[in-house]
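K.L.:
Here it is, the structure in full.
The values are calculated or read from the model by the stated rules, or taken from the named source; none is laboratory data. Note that the coordinates shown come from a computational prediction; the quantities given were computed from them, not determined experimentally. Here the Cβ positions follow ideal geometry from the backbone for every residue, glycine too, while neighbour counts run over all protein chains shown. Remember, those area values only see protein heavy atoms, side chains included, never the ligands or the DNA or RNA. Shrake-Rupley method; radii C 1.70, N 1.55, O 1.52, S 1.80 Å.
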Amino acid sequence: MRYTEMSDAQLWILIIEKDKAAFEQLYRRYYSPLLAYALSFRFDDEMSKDCIQDLFVKLFTSDSLTPIEYVKAYLYRALRNLLIDRSNMVMESVSLEENLTIDFLIEDIELVRLFEKEDDYLEKSRLLVKAYAQLSDNQKNAVYLYYIKEFSWDEMSVSLDINTHSCMNLVARSVAKLRKIMGTENKK
Amino acid sequence: MEKDYKQFQKVTERLTTYLRIRENVQRRGEDEVWKRIEENIEGKKRFLFRRRLSIISTAAAVLLLLFLSVEYLWLRDSDPLDAYVALLDEPTLDSSQIQVYLSPEEKVMVEENTASVSYSPKGNVSINQMEQSDTLSKNKEQEFNQIVVPKGKYTHLTLSDGSTVHINSGSRVVYPRVFSSESREIYVEGEVCLDVTKNENVPFIVKTASFDVKVLGTIFNVNAYKGDSDHEVVLIEGSVRLSDQHKNRIELRPDQLVAVNQGKIGEIKKVDASDYIAWTNGLLVLQSEPLSKVFKKLERFYGISIHVSPDAGLLKMKGKIDLKQSLDDLIVLISSSAPIRWNKTDGEYYIDVK
């Protein structure tokens, strides 16, 4: 079987055995979505690429990997942790919380292109993006992973580190909040 | 309401479809990053034993700074190592490459930013896994070698008894090719982390300008840079005995730090020793330090001049810094949480408050 036909989990097992071709295949499969994920945290190109590089180097050189089922979710979580570590510096005079927020989902110019000549939709989409920005970090991450990355509930669970039931609640609450914010905005 | 809901649905549908597609076209840099990953993996193989080292002993090695002052030399005239170090020229730590002196005349320059130097029990040396041909060598115990690690570089050294030394930027170490059967002595200047092979019959002594550390098989970190007024020894595992020039002596227990100020042993503090050797894993752990101190460490590590204004220097910072990123990235990161501004002129950095 060729590497391109193997599942993530199969590649993972080969990677544990230090199969470099399998490793490259996994990398090629996930470079693009992982980069998009990192960029959405508002880090620039270089920083995002560096974290991805770090992630994969650590992966291949690690001596303590075990076979896992949800490779994709694991990669996302590991990347997020790396990005968080990189940005975790606390100034005594300025208190900082973990500030990894996906608040810039999409640029306005992209919205304009998407909803060209449909002003109604364009306005709604702007409202939606603004509403999204008001969600908490966890809510944003959940919505992003579920709707845009199309994670299954099991994968959500691995990536967010909570059980599947909690994932469902989180997504449901986030969507409800979005609707609520949009509803009140609309009435203004 | 109905219309609203339908619109909401339509908008989200189109948006999510668009975003999903967008996720998969971020291919820029894919090949370039892959190349870097490949290089890194190759490099890591060379330093595999360094990682094993950190699993066994994450303690930092003690850095011994060896400064031989004239009066000190007089006291220890008979020691061949002392005599040898006294004769050496002052090394240029600003020169760009790592230098390994196999003899006072024979010097090997290492191009890479990190080097791995290893001595077999018989004194045969290999640098980055390439064996160096033997020069005339009869009495290897009397033969001293030196490694000079300029700013911005790092070297991993394995001594003839198997002890390993992580050598940080801006440091140098002098040691015999083969240890004698009576005592194992090395001189260090700068910062090193040592993992000393246990041998109760042959004590291991790290010599610095202002103090000696006697080791019986342990892991400890010594920070004694020339030009710093405060020197520190942190013990991770085992036990060490410190003696200074004023005949003061103390014994350290694990997770203890002792400061040596102006050649005099100071107070002992309890610390989390692993914070002090995080640098061997490419991490700098800051314990609520003024930026002036932080940037001094970075300056040394990256080998690039950083000028910090007095105001900016007073700002305090704590956290973990990943030293594997570029200095530019790091300063951008720091400036995103600290009220500083910075610029780079002629390759040197200038930091000021906003």
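K.L.:
Can you give the mean number of other chain Cβ atoms that lie within 10 Å of the Cβ atoms in peptide A:28-35?
P.N.:
Across A:28-35, the average partner-chain Cβ count within 10 Å equals 4.
K.L.:
Answer rounded, prolate or oblate for the stretch B:217-290, using the Cα gyration tensor with square roots of eigenvalues a ≥ b ≥ c: rounded when a/c is under 1.5, else prolate when a/b is larger than b/c, else oblate.
P.N.:
oblate
K.L.:
So, one more: Name all residues of the stretch A:39-74 having a backbone nitrogen under 14 Å from the label point set 7 Å from the Cα of A:Glu17 along its Cα→Cβ direction, giving them as ranges.
P.N.:
Residues A:67 fall inside that zone.
K.L.:
Rounded to the nearest 10 Å², what accessible area does B:Glu299 have for a 1.4 Å probe in the complete protein model?
P.N.:
50
K.L.:
How much accessible area does A:Arg77 have with a 1.4 Å probe, in Å² rounded to the nearest 10?
P.N.:
80
K.L.:
So what's the net charge close to A:Gln25: Lys and Arg +1, Asp and Glu -1, counting the other residues with Cβ under 12 Å from its Cβ?
P.N.:
Residues close to A:Gln25 contribute a combined charge of 0.
K.L.:
Hey, if we sort A:Val112, B:Val178, B:Val11 by accessible area with the 1.4 Å probe, largest down, what's the order? Intermediate results must be reported in sequence, preceding the final value.
P.N.:
Numbers: A:Val112 60, B:Val178 25, B:Val11 0 Å².
Largest to smallest exposure gives the sequence A:Val112, B:Val178, B:Val11.
K.L.:
Looking at this model, which pairs from B:Lys297/B:Lys320; A:Lys20/B:Lys324; B:Lys151/B:Lys324; A:Lys140/A:Lys180; B:Lys151/B:Lys293 are more than 18 angstrom apart at the alpha-carbon?
P.N.:
Numbers: B:Lys297/B:Lys320 13 Å; A:Lys20/B:Lys324 23 Å; B:Lys151/B:Lys324 15 Å; A:Lys140/A:Lys180 15 Å; B:Lys151/B:Lys293 16 Å.
Violating the 18 Å Cα-Cα cut-off are A:Lys20/B:Lys324.
K.L.:
Now, a different point. Need one value: the accessible area of B:His231 in square angstrom, 1.4 angstrom probe, rounded to the nearest 10.
P.N.:
20
K.L.:
Calculate the radius of gyration of the Cα atoms of the stretch A:3-97 to one decimal place, then report Dmax, the largest Cα-Cα distance, as a whole number, both in Å.
P.N.:
Rg, Dmax (Cα atoms, Å): 14.9, 53.
K.L.:
How far apart, in nanometres, would the label points at A:Asp119 and A:Lys58 be if each is projected 7 angstrom from Cα along the Cα-to-Cβ direction?
P.N.:
My value for the distance between the label points is 5.0 nm.
K.L.:
Per residue of A:44-56, what is the mean number of Cβ atoms on other protein chains within 10 angstrom of that residue's Cβ?
P.N.:
Working: counts 2, 3, 6, 5, 3, 6, 7, 2, 6, 10, 6, 1, 7.
Shielding by partners across A:44-56 averages 5.
K.L.:
For labels at B:Ser96 and A:Glu150 in the simple 7 Å Cα→Cβ model, what's the distance in nm?
P.N.:
That separation, rounded to one decimal, is 5.0 nm.
K.L.:
Just tell me which aspartates and glutamates come within less than 18 Å, Cα to Cα, of B:Lys270; anything on the same chain fewer than 8 places away is out.
P.N.:
Partners within reach: B:Asp230, B:Glu232, B:Glu237, B:Glu251, B:Asp255, B:Glu289.
K.L.:
Assign one of three labels to chain A, namely rounded, prolate or oblate, based on the Cα gyration tensor with a ≥ b ≥ c the square roots of its eigenvalues; rounded applies when a/c is under 1.5, prolate when it is not and a/b is larger than b/c, and oblate otherwise.
P.N.:
Judged from the Cα gyration tensor, chain A comes out prolate (a/c at least 1.5, a/b above b/c).
K.L.:
Report, please, the projected area of the stretch A:104-187 averaged over directions, based on the convex hull of its C-alpha atoms, in nm².
P.N.:
Averaging across all directions leaves 5.6 nm² for the Cα convex hull.
K.L.:
So, one more: Under a point spin-label approximation (7 Å from Cα along Cα-to-Cβ), what is the A:Gln10-B:Ser274 distance to one decimal in nm?
P.N.:
3.9
K.L.:
For B:Val202 and A:His165, what is the calculated FRET efficiency with R₀ set at 56 Å and r taken between the beta-carbons, to the nearest 0.05?
P.N.:
Values: r = 62 Å, r/R0 = 1.11.
Taking R0 as 56 Å, the efficiency between B:Val202 and A:His165 is 0.35.
K.L.:
At the nearest 100 Å², what buried accessible area, both sides summed, do you get for B and A when the probe is 1.4 Å?
P.N.:
What B and A bury together is about 5300 Å².
K.L.:
Which net charge results when you count Lys and Arg as +1 and Asp and Glu as -1 among the other residues whose beta-carbon is under 15 Å from that of B:Glu30?
P.N.:
Result for the neighbourhood of B:Glu30: -1.
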